[in-house]
Amino acid sequence: MPKVKDEGLAGKGKDSIEWARAHMPVLSEIARRFLKERPLDGLRIAASMHVTKETAVLMLALRDGGARIFLSPSNPLSTQDDVAAALAEEGIEVYAWRGMSESEYFWAIEECLKADPDFTMDDGGDLTVMAHEKGYAERIAGGTEETTTGVLRLMALERDGKLRYPVIAVNNAETKRNFDNVYGTGQSTIDGILRATNIMIAGKWFVVAGYGYVGRGIANRARGMGAKVIVTEVDPIRALMAAMDGFIVMPMREAAKLGDIFVTATGNSGVIKAEHVSSMKDGAILANAGHFDVEVSVKDLELMSLAKRDLRENLREYLLPNGKRVYLLAEGRLVNLVAAEGHPSEVMDMSFANQALSIEYLVKERGKLPAKVIPVPRWIDSEVARIKLRSMGIEIDSLTKEQEEYLRSWRI
Ligand code: NAD
Ligand code: SAH
C-alpha cells in the first residue's frame, strides 16, 4: 500500500506543484503533447527521485503520457510531505515521507520494484542497483539516471559485465549538467546553508572541496556573496581551472585550519575526516552538496566528539575534545535538498525535460538498445535548449549555407 506522512497536506502540495509548473515551460510543453499522444500508454515506471514539487511536475507529465507511476525517494530526508500527499491524491503510487530510516528508505524502493516496472527512473543508482541485486532487472526494458554518482555507479556495473538493461545517462546531457549541477546546486546550496544558519557569507573563508560541475557552481555563488573562496581538488586539471578562475587552491589539511564554512562536492568519501576536523577553528560549519553522508565523515564526528546537540533545524553542534565546536548541517546529507527545497524549478525544467524525452525514446527503441550506459541523444539535448530559449524570449542566429560549407571545408 502506498504510504505518505499526512494525506491532509495534499491541498498545500497542489499549490506548491502549481507554482513549480508555472516555472517549468519546457516540461509543461512536453506534458501537453504527452496528454494528446499518450506515448507511455499502459507502461509502468518505478522511480527513485527526490520527492519535490519539481519531481511532481515530471511524475504528472509521465502519468499524462499514459504511464502508471510508482515513486520512492532518492534520499531519506528530502521528501516534501505536502507534495507526496498531493501526488498520492493524483493517483501516483507514492512511498515517501521525510525522515525515513535507512531500512524504510530501501523498503520504499523495493515496493516500487515489486510493481513489475517496464522502466526505471533513478537518482543516485540505489533503485537500479537494487533491481540488479534482487533479481528484478531481467524484466525491465530500460532506465534513466539523473546524477553524476549514479552514472558512475552504473558504469562500474557495466564494467563488471552485470548491467542487464540500457540506462540513459541523463546527467551527462549538456542541458542537464551544465545548468542543474552548476547553477542549480550553486544557488540551492547557498540557500540551504542560509536557511540552516542564517549566517553572513560576506567576508568568510568558504572552502569548496571538488571543482567539478557542482563545485564550480558553488564556488562562484559563494564568491558572488563576498566570501573568500578556497578550492581543494585531487585532479590537476580541475585544480588548474580553479586557480585560473581566481580561486585559492590548497590541500584540505591546510584549508581545514582557515575555513569558516566547508562544502564538499566530490561524490567521494572521507573528504573531511577526523584529522581535518581536529585542526578546524571553533565554530566551523560543515555541509555536503555532493552525494551521500560520507563526504564529510559523520562517523568520525560521532566518534571523536564529547557531546552533540541540535541548535536549530538541520544544525547539529559537536563538541570536540580540544574544547572547540563544529556545526554539521543536514546530518551531512545534501544540504540543498534537506535544508532547502533543492534546485529552483527553472533549472529542473531542463533536467526533467531530458528525463521525459529519454523515457519516450526508450519506449520507441524498446528491445533495440544495448544493455549499456548510453548518452542522451543529441537531438533531445538540442530540443530542450531550443524550447527553453523560446520560453525565455531569446532568439539566436542560424548558420547560412555559406557558413555551413565553410565549416565543413578543409581548403585554405
Ligand atoms: P564531477 O566529477 O564533475 O566533480 C567532482 C570533482 O571532485 C572532480 O573534479 C574530482 O576530481 C573532485 N574530487 C574527487 N575526490 C576529491 C577529494 N578527495 N578532494 C577534492 N576533490 C575531489 O561531478 P559533479 O557533477 O560536480 O558532481 C559532484 C557530486 O555532486 C556527485 O556526487 C553528484 O552526484 C552530486 N550532485 C549533487 C547535486 C545536488 O543537488 N546537491 C546536483 C548534481 C550533482
Ligand atoms: N541519492 C543521492 C542523490 C543525489 S542528488 C543522495 O541524495 O545523496 C543530486 C540530484 O538531485 C541532482 O542531479 C539534481 O538533478 C537532483 N535535484 C536537485 N534539486 C532537485 C529538485 N528540486 N527536485 C528534484 N531533484 C532535484
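The values are calculated or read from the model by the stated rules, or taken from the named source; none is laboratory data. Computed from a prediction, not measured in an experiment: that's the story for all the values here. All Cβ positions, even for glycine, are placed from backbone atoms using ideal geometry, and neighbour counts span all protein chains on display.
A few remarks follow.
- Qualifying residue in segment 74-83 (condition: among the aliphatic types (A, V, I, L, M), more than 23 Å from Glu145 (Cβ to Cβ) and surrounded by fewer than 20 Cβ atoms within 10 Å (Cβ to Cβ)): no
- For the condition within 16 Å of ligand 2 (Cβ to nearest atom) and either within 19 Å of Arg366 (Cβ to Cβ) or modelled with pLDDT under 95 (or both), Glu138 does not qualify.
- Being acidic (Asp, Glu) and either without any contact (Cβ under 8 Å) to a residue 12 or more places away in the chain or surrounded by fewer than 24 Cβ atoms within 10 Å (Cβ to Cβ) (or both) is a property that does not hold for Asp349.
- Residues being part of a helix (DSSP H, G or I), closer than 19 Å to Val151 by Cα and either more than 7 Å from ligand 1 (Cβ to nearest atom) or among the small types (Gly, Ala, Ser) (or both) - total across segment 172-194: 8
- Residue in segment 98-107 that is surrounded by 16 or more Cβ atoms within 10 Å (Cβ to Cβ), hydroxyl-bearing (Ser, Thr, Tyr) and out of contact with any helix residue (DSSP H, G or I) (no Cβ under 6 Å at 6 or more places or on another chain) present: yes
- Count - residues of segment 48-92 that are more than 16 Å from ligand 1 (Cβ to nearest atom) and either among the hydroxyl-bearing types (Ser, Thr, Tyr) or out of contact with any Ser or Thr (no Cβ under 7 Å at 6 or more places or on another chain) (or both): 26
- Qualifying position, being more than 30 Å from Leu389 (Cβ to Cβ), of a type in the set (A, V, I, L, M) and within 16 Å of ligand 2 (Cβ to nearest atom), among Ala108, Ala47: Ala108
- No other residue among Glu111, Glu102, Glu29 is under 23 Å from Thr147 (Cα atoms) and in contact with a Ser or Thr (Cβ under 9 Å, 6 or more places away or on another chain) apart from Glu111.
- From the options Ser382, Ser351, Ser358, Ser345, residue that is more than 30 Å from Ala196 (Cα to Cα), hydroxyl-bearing (Ser, Thr, Tyr) and touching a helix residue (DSSP H, G or I) at 6+ places or on another chain (Cβ under 8 Å): Ser358
- Scanning segment 95-134 for residues that are within 16 Å of ligand 1 (Cβ to nearest atom) and of a type in the set (D, E, K, R) yields a count of 3.
- Every residue from segment 148-168 that is free of Cβ contacts under 8 Å to residues at least 40 places away in the same chain, within 16 Å of ligand 2 (Cβ to nearest atom) and of a type outside the set (A, V, I, L, M): Gly150, Arg153
- Residue that is touching a His at 6+ places or on another chain (Cβ under 6 Å) and within 26 Å of Val338 (Cβ to Cβ), where the choices are Gly217, Gly224, Gly184: Gly184
- Every residue from segment 195-209 that is part of a helix (DSSP H, G or I) and surrounded by fewer than 23 Cβ atoms within 10 Å (Cβ to Cβ): Arg195, Thr197
- Tally of residues being polar (S, T, N, Q), more than 10 Å from ligand 1 (Cβ to nearest atom) and closer than 21 Å to Arg195 by Cβ across segment 279-300: 0
- Subset of segment 221-252 (residues that are of a type outside the set (A, V, I, L, M, F, W, C) and surrounded by fewer than 18 Cβ atoms within 10 Å (Cβ to Cβ)): Arg223, Gly224, Gly226, Lys228, Asp235, Pro236, Arg238, Asp245, Gly246, Pro251
- Pairs linking a residue in segment 36-64 that is free of Cβ contacts under 8 Å to residues at least 24 places away in the same chain to a residue that is of a type in the set (Lys, Arg) and surrounded by fewer than 24 Cβ atoms within 10 Å (Cβ to Cβ), with Cβ atoms under 9 Å and 6 or more positions apart or on different chains, do not occur.
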